[in-house]
Structures are given as structure tokens and as C-alpha cells.
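Below: the structure, in C-alpha cells.
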Amino acid sequence: MASVTTDTPIHSNDPAPRAKISQQAIAPWLFLLPAFIFFAVYVIIPIFQSFYISAYEWNGLYSPEYRAVAGSEMTDLECTELGNRAARTEGCEPTGENVWTGEYVGFENYRNLWSDPFFWTSLKNNVIWLLLYFLAIPGGLFISLFLNQKVFGMRLYKSLFFFPFVLSQVVVGLVFSWFYLPNEGLLNEVLSWFGGPRTNILGSNDYATYGIIAAGLWPQTAYCMILYLTGLNAVDPEQIEAARLDGAKGPKMLWYVVLPQLWPATFIAIVVTVIGALRSFDLITIMTNGGPGFYNTSVLAFYMYDVALSEFGFRMGYGSAIAVILFLIMMVYIAGFLWKMWRDEKG
Amino acid sequence: MFPRPIEQYGQGTRVAYNAVLPLALLVWLIPLLAVIWFSIKPGEDFTTGNYWGWPENGFQGITNYMTVFTQSAMPQYLWNSVIITVPTMFGAVALSCMTGFALGVYRFKGNLLIFFMFVAGNFVPFQILMVPVRDLTDQMGLYDTRLGLILFHVAFQTGFCTLFMRNFIRALPRALIEAARVEGISEWRIFWFVVLPLMKPAIAALCVLIFTFIWNDFFWAVVLTQSPESQPVTAGITAFNGQYRAMYHLMSAGSIVAAIPPVAMFFLMQKHFIAGLTLGAVK
């Protein structure tokens, strides 16, 4: 804090009062303090705790701590080591404190992950999500080009096209699962008009993940569309006219003149799409709850939740190990994003 | 303008465009129209297998909606959502006004580092926070309470809001702040009387965005709450799913009710909403 540069120039012939300078030095820290405490407690520290817990086996519980009753043959250490059995052991009494029941296992959780087929299914599905989610970007671009006209009622059209993004993923998931219903769903209804076979999309090992991704693409495409519409608004009309005079049109114009100017929108679309793909949890939970079978549509985000808060006993350590892997994957993108921001700040 | 304005095309193209536009919208919104359709049909239709056809005994109007409101925990869930969403919105926006001011106006060592910490934190997967946050909430005695959810949401959303506010304040004319300093106004008063009034558009944009994000949150709702007394509507509707399995008319009415507040927010505050979402989409 010693090397604070204040913004108000301090001239030697016009000495600013000392109080003024130190106020400018302290003020930012005071403004940051409340948010920083919140953020540290709920975001920063938990990240490290998750890394820590991933080296333990923990069922999420705390157990009462025991100590030796004064004058008995037991020692405090013996009582502690007995764990819950100390409750039935003469000479031990609860201290009133609770202790964490985690058991150190080192890299055991990660080794188990390596040989866990469900982990690999989830990871594979994550890759599919990531790849297919990118369809939202050209999809959004296409719709935005289609809508970038000034006809009567266009404002309303644009908002209605954007509409799916405002719905919660829970609602989107429910809506699409009805759409996919094996016998009565609208999709099968339409398919049967064309003589197609009726398929139970969400009950099929082959199609379920794709069915969920299609549901996710609906709001995601709307989001990319709105980014591109804003971007198209800011495209320099003179450049377009100049290129038009040079005979550029259609796809060539799009590729060489318009898209480069849309790069900021594309960048944000990539960022939100990657994050959206890796955060896919709601849709899977609502639409298939990880099924059919064991974790066929699971992704890491879902598998982690399901393992950590499993109905067959919490496995917080194992769950944390999955979370750490997911975090490291995400970190690649976060680092890239920060690097770009840092470059923009400097340049 | 790209593509070329439709007026510059021939008559045929213009007519075709105007015809395709509503059709495209219709196709795009089919899933939504399907739910609306379901929600006004009588329940018998679903037991007799008449899912998509015209209802045999006429439309139900708002009957299904009334049932949802009077015979389920829906009002409680909706109320919980309000109690969770509104304070979070105010909390996160208030905190980030301050952080945005601190990071956008002052130059000090570590400024960029702290800023990046907020930005990075905002992007981390929820799962890396899940176990410790659940444990912390439990230890504070706030598991399955609305306050527990609010506190976490405020903290987490502050990351995104700080990114937003700081960039917004950065773009404000510095001369204003300099002038105020020369006048000898204290830093706190500069924040309150000079900068804050200029931040109104950013505050409005963040309020609608945070409202929508938090209202639609599902993950933390299921991690940190479990009873109808504290669960928001997104989590509640899945419980609902169990209660009304295969009663699509009620489920769809419930889904629509759950979706209305953010949708209304969006249509009322559209300009701010889109300005918030697309911040940075233009250089």
C-alpha cells in the first residue's frame, strides 16, 4: 500500500493535506473490504478446501469428540482414537465439540477415478457437450443475420426469438422432456407423419445425450443471437458500402468484412458457450437424472453432485476429486480469458 | 448494414421474407407453445391419450392455474423465490458498486490482481465450491434456510457484478472525479454524489440480470435447501413433478407460473437486460 499512485497531481507549491493523500490510499481498500470478505469466504477459500478434501474420504459428517473422564484409566488420546466407540466406553466423555471425520487417503480418490467407468462416460459426454454446444454460435449468427432487418414489428420478433434464454433451464428441461415423450411427444407425432419410427429419445443410450444437448442449444443459440445482433448494429456501414462497391457480397462479404468486425461478439459467445457447456447440470437432472442405465447422460458436473450427495451415503472426498478435475479443465479457459483481458488492459 | 436491407430487394423477396418471418418464429417457439397448449387442456385429455388434439370437453382457461395456486405448495415456493432473489439482487449490486468504484477509479498495486480474482471466481464450476459451501452453510446453522442461499448468491454474483461495474466506471469521464477531488470532496462523497448517480443504467442492467440468474438458479437450490419452507420455485417444481407425475396440465401451468417473473422482468426492462448481457460484444 506504500506505493499508491493518486490520481490527483500533487504540486510541490500546492501541498495537498496529508489526510487527503492517505484517504485516497485507504479508500479503495475500504470499498473493497465487504465484497472481498464475502468472496473469500464463499468462493476463494472453498476452492482450496475442495482440493484439500479431495485427498480425504469423508461422508460429510462430524462426530462428537471424546476425552477421558478425570481420574479414569483412559487417556484423552485413547478416547479420541476410539472414535464413536468411546460413547460406550467407560472412562470417556464427550467434550461437547464435534470433529471432522475425514480420513486421509492421499491420491486414492484420483486413482479410483482413473478406473471408474462412470467418470470416463461423464468426461466423454462433457466433450460431446462442448463440441456440439459450439453449434449455438453459427446458429445464433444465422438467426441474427436473418433478423437484422428493419421491418414492422422487428423489435418484438427479436425479443421473442430471445425469449428461451430468459426461461429457467428447469422449465426448458421439462418442456423438452414432454416434447420427446416416447409415445405422445410432439416430436414422435411429427416423425410419424413422415412414417418415421417412434423413438424414445431420452430412454435410449444412443440418443439421450444428444436430446438433452438439443434442449440446451435452444436458449444458448438465443444468447449468441442477441450478442451478434448487438454486434451487427455496430458494424461500420461505410466499410460495408466500400466493400459492396468493390463487388463483395453474400458469404464473401460476411467472411472478409463483417465477421472480423464481429470478433468481440464472437469472443463473448465462445466464452459463454464453453461455460454453459461445462455447467450443464440442470437439464440433465431434470430430463434424465443421469440415466438411462448408469450415468449414460452424466457429465462431470452431474456425476460430482450425484456422488457427493449420493443417497447411498455421501462421498465428499471422491466428489471433490471430480470437482477438481472439472475445475482444472475450466481453468484452461479462465486462464485464456484472463490473458486476453490482461492484454486488452495493457494495450 | 449487413445483410442488405430487405427494401432493396425485389417485390418477391420482400413478400417471402415477411411470410417466412412469422413462420420461423412459430417453429422457434414450438416447445413453448406446446406448454401453453398443455396448460389450458383438461386433465382427462392426458389420461385418454389426447395429448395434442383439440380438447374434447373444451378449454380450461385458468382453471389449471388456479389448481396450482390453491392445491399445491406453489405459492410458498414462489414466495421463497422472491425472498431469495430480491435481497440477493440488492446485496450483490450494492457490493459491486463499491468494488467497481474501488477498482475502476483508484490506481494501486494489486488492482488488476484483485479484479482478475473476482472475474476468475465468477467462472469457476459450481462443483468446486459445493462441498465446502454446503458444509459452511450447515456449520452456520443455515442449511435449508433462505438466508443460507442468499448469502452464497450475494458472494458469488459479486464476481460477475464487479466485472460489469468496474468496466462501466472505467468508461466514465475521469475529469468529473478529478474536479471533485480538486474541490476537496471526500472519497466517500465522490462515490455517493458523483459516481453513483452516473451508474444508474449499470445498476438497472445488473438488477434485471441478477434477478433472472438467481430466480432461475437450480443447482444451489438443491444443494443448500430441501424443504418447501425454503426451496425456491425451480427446485420446488421438481418436487411438484413427483406430486403431479403425468398430470401434464398442472405441471405445465406450474412451469409457466414459475417462468413468469423473469419473463416479465425481461419484457419490462428489455433495454437494460440486453445492454447488460451484451456488454463487451461491441468494441
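The values are calculated or read from the model by the stated rules, or taken from the named source; none is laboratory data. Computed from a predicted model, the values in this text were never measured in an experiment. Positions of Cβ are backbone-derived with ideal geometry, glycine not excepted, and every protein chain shown enters the neighbour counts.
Let's see how each residue does on (1) facing chain B (nearest Cβ under 9 Å); (2) surrounded by fewer than 17 Cβ atoms within 10 Å (Cβ to Cβ):
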residue	(1), (2)
A:232	yes, no
A:237	yes, yes
A:247	no, yes
A:252	no, yes
A:257	yes, no
A:263	yes, yes
A:269	yes, no
A:277	no, no
A:283	no, no
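Okay, residues lined up against (1) closer than 12 Å to residue A:122 by Cβ; (2) modelled with pLDDT of 90 or more:
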site: A:297; (1), (2): yes, yes
site: A:300; (1), (2): yes, yes
site: A:306; (1), (2): yes, yes
site: A:321; (1), (2): no, yes
site: A:326; (1), (2): yes, yes
site: A:331; (1), (2): no, yes
site: A:335; (1), (2): no, yes
site: A:338; (1), (2): no, yes
site: A:347; (1), (2): no, no
- Task: For residue B:121, state whether it is surrounded by fewer than 18 Cβ atoms within 10 Å (Cβ to Cβ) and either more than 19 Å from the chain's Cα centre (by Cα) or in contact (Cβ under 8 Å) with a residue 24 or more places away in the chain (or both).
- Result: no
- Picked from the stretch B:97-116 (must be more than 7 Å from every other protein chain (Cβ to nearest Cβ) and part of a helix (DSSP H, G or I)), the residue farthest from residue B:191 (Cα to Cα) is B:113
- Query: When you look at residue B:70, is it modelled with pLDDT of 85 or more and of a type outside the set (Phe, Trp, Tyr), yes or no?
  - Reply: yes
- Task: Would you please name the residue that is farthest from residue B:209 (Cα to Cα), looking only at residues in the stretch B:176-188 that are assigned to a helix (DSSP H, G or I) and within 11 Å of another protein chain (Cβ to nearest Cβ)?
- Result: B:182
- Note on the structure: Filtering the stretch A:148-169 down to residues that are among the aromatic types (Phe, Trp, Tyr) and either within 7 Å of another protein chain (Cβ to nearest Cβ) or in contact (Cβ under 8 Å) with a residue 12 or more places away in the chain (or both) yields A:157, A:161, A:162, A:163, A:165
- Task: Restrict the check to the stretch A:190-198 and report whether at least one residue is of a type outside the set (D, E, K, R) and either surrounded by 16 or more Cβ atoms within 10 Å (Cβ to Cβ) or within 22 Å of the chain's Cα centre (by Cα) (or both).
- Result: no
- Residue hits (the stretch B:166-218; β-branched (Val, Ile, Thr) and under 28 Å from residue B:79 (Cα atoms)) are B:203, B:208, B:210, B:212, B:214
- Message: Filter the stretch A:131-148 down to the residues that are surrounded by 17 or more Cβ atoms within 10 Å (Cβ to Cβ) and not β-branched (Val, Ile, Thr) and list them by number.
- Response: A:133, A:134, A:136, A:139, A:140, A:141, A:144, A:145, A:147, A:148
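Residues checked against (1) assigned by TED's automatic domain parsing to the domain that holds residue A:129; (2) in contact with a helix residue (DSSP H, G or I) (Cβ under 8 Å, 6 or more places away or on another chain):
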{"residue": "A:260", "(1), (2)": "yes, no"}
{"residue": "A:283", "(1), (2)": "no, yes"}
{"residue": "A:306", "(1), (2)": "yes, no"}
{"residue": "A:321", "(1), (2)": "yes, yes"}
{"residue": "A:329", "(1), (2)": "yes, yes"}
{"residue": "A:334", "(1), (2)": "yes, yes"}
- Message: Take the residues in the stretch B:84-96 that are more than 14 Å from the chain's Cα centre (by Cα) and surrounded by 24 or more Cβ atoms within 10 Å (Cβ to Cβ); name whichever of them is nearest to the other protein chains (Cβ to nearest Cβ).
- Response: B:95
- What residue, among those in the stretch A:62-77 that are in contact (Cβ under 8 Å) with a residue 12 or more places away in the chain and out of contact with any strand residue (DSSP E or B) (no Cβ under 7 Å at 6 or more places or on another chain), is farthest from residue A:94 (Cα to Cα)? A:73
- Query: Within the stretch A:33-86, how many residues are on the phi < 0 side of the Ramachandran plot, surrounded by 16 or more Cβ atoms within 10 Å (Cβ to Cβ) and part of a loop (DSSP other than H, G, I, E, B)?
  - Reply: 4
- Message: Can you report the number of residues in the stretch B:1-29 which are more than 7 Å from every other protein chain (Cβ to nearest Cβ) and closer than 30 Å to residue B:68 by Cα?
- Response: 2
- Task: Name, by its number, the condition in (1) in a helix (DSSP H, G or I); (2) modelled with pLDDT of 90 or more; (3) out of contact with any Phe, Trp or Tyr (no Cβ under 8 Å at 6 or more places or on another chain) that does not hold for residue B:195.
- Result: (3)
- Query: Would you say residue B:144 is within 10 Å of chain A (Cβ to nearest Cβ) and either over 17 Å from residue A:35 (Cβ atoms) or buried (at least 23 other Cβ atoms within 10 Å of the Cβ) (or both)?
  - Reply: no
- Item | Residues within the stretch A:273-287 that are aromatic (Phe, Trp, Tyr) and part of a helix (DSSP H, G or I), tallied | 0
- Message: Here is a check on your reading of the model: is residue A:220 polar (S, T, N, Q), assigned to a helix (DSSP H, G or I) and surrounded by fewer than 20 Cβ atoms within 10 Å (Cβ to Cβ)?
- Response: no
- Item | Unmet requirement for residue B:66, which otherwise passes all of (1) free of Cβ contacts under 8 Å to residues at least 60 places away in the same chain; (2) within 9 Å of another protein chain (Cβ to nearest Cβ) | (2)
- Item | The one condition in (1) more than 10 Å from chain B (Cβ to nearest Cβ); (2) surrounded by 18 or more Cβ atoms within 10 Å (Cβ to Cβ) that residue A:340 fails to fulfil | (2)
- Note on the structure: Apart from one, (1) surrounded by 15 or more Cβ atoms within 10 Å (Cβ to Cβ); (2) farther than 25 Å from residue A:330 by Cα all hold for residue A:94; the odd one out is (1)
